[in-house]
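Worksheet: one structure, shown below.
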Amino acid sequence: MKEIRLFFLWLYATLAFFFFGGMLFTIITQYPNWISNLPYSLEATNLFYSKANPGTFFQLMGQITIPVFLVTIILVWRYRNARNLLLIHFLCYFLIGLGTFLLIYPILGELGAKDISVRPIEEIQGYLDRFFIYDAIRAVLASVSCLFLIFGITSFLKRYYSETVLI
């Protein structure tokens, strides 16, 4: 039973770090391309994303990570400090998802509209400005979430290995 706790904790941590790594990848590699030559750069982005987009990755990862987290939190429940740190981490993770759904997706819907190239640049820039503000908040929250995940893992491992008897 003890090893299964380790397995799920590391599985969840790996998935969560992939998720947050995807956020960094998108910020570093995608956003500069979006704004390089408005509105044509957004037209090109929308054509490029015609089959799949970053949301495809994040929605899939969310569907995988949430059940793994639930199993993980059940398995580490008796480790109070680790449990609480992991719950704070997951609250941040949840807020990122909620903010994405309520604030980010509507803006991306406007930026991905078929008529984006005929809209005034000021309107497009307004959407981008709001998007980048919301996304900066999301990135800070993701960083805080990762810190709580690291602290939760550390707390769990300290207690886990203090209980393990070495022969």
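Structure summary
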{"quantity": "Lone unmet requirement of (1) without any contact (Cβ under 8 Å) to a residue 12 or more places away in the chain; (2) surrounded by 15 or more Cβ atoms within 10 Å (Cβ to Cβ); (3) among the charged types (D, E, K, R) for ARG5", "calculated": "(1)"}
{"quantity": "Long-range neighbours under 8 Å by Cβ, at least six apart or interchain, first residue surrounded by 14 or more Cβ atoms within 10 Å (Cβ to Cβ) within the range 69-81, second assigned to a helix (DSSP H, G or I) and β-branched (Val, Ile, Thr)", "calculated": "LEU75/ILE4"}
{"quantity": "Residue in the range 146-162 that is within 26 Å of PHE8 (Cα to Cα), at pLDDT below 90 and exposed (fewer than 13 other Cβ atoms within 10 Å of the Cβ) present", "calculated": "yes"}
{"quantity": "Any pair with Cβ under 6 angstrom, 6 or more apart, that starts in the range 118-129 at a residue that is surrounded by 16 or more Cβ atoms within 10 Å (Cβ to Cβ) and ends at one that is assigned to a helix (DSSP H, G or I)", "calculated": "TYR127/ILE107; TYR127/GLU110; TYR127/LEU111"}
{"quantity": "Residues located in the range 28-50, provided they are within 13 Å of TYR127 (Cβ to Cβ) and either of a type in the set (A, V, I, L, M, F, W, C) or in contact with a Leu (Cβ under 6 Å, 6 or more places away or on another chain) (or both)", "calculated": "TRP34, ILE35, LEU38, LEU42"}
{"quantity": "Test set (1) buried (at least 20 other Cβ atoms within 10 Å of the Cβ); (2) closer than 25 Å to TYR160 by Cα - ILE96 fails condition number", "calculated": "(2)"}
{"quantity": "Residues of the range 11-54 that turn out to be under 22 Å from LEU128 (Cβ atoms) and surrounded by 14 or more Cβ atoms within 10 Å (Cβ to Cβ), as a count", "calculated": "19"}
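The values are calculated or read from the model by the stated rules, or taken from the named source; none is laboratory data. All values derive from a computational prediction rather than experimental measurement. With ideal geometry, Cβ positions are generated from the backbone for all residues, glycine too; neighbour counts draw on all protein chains shown.
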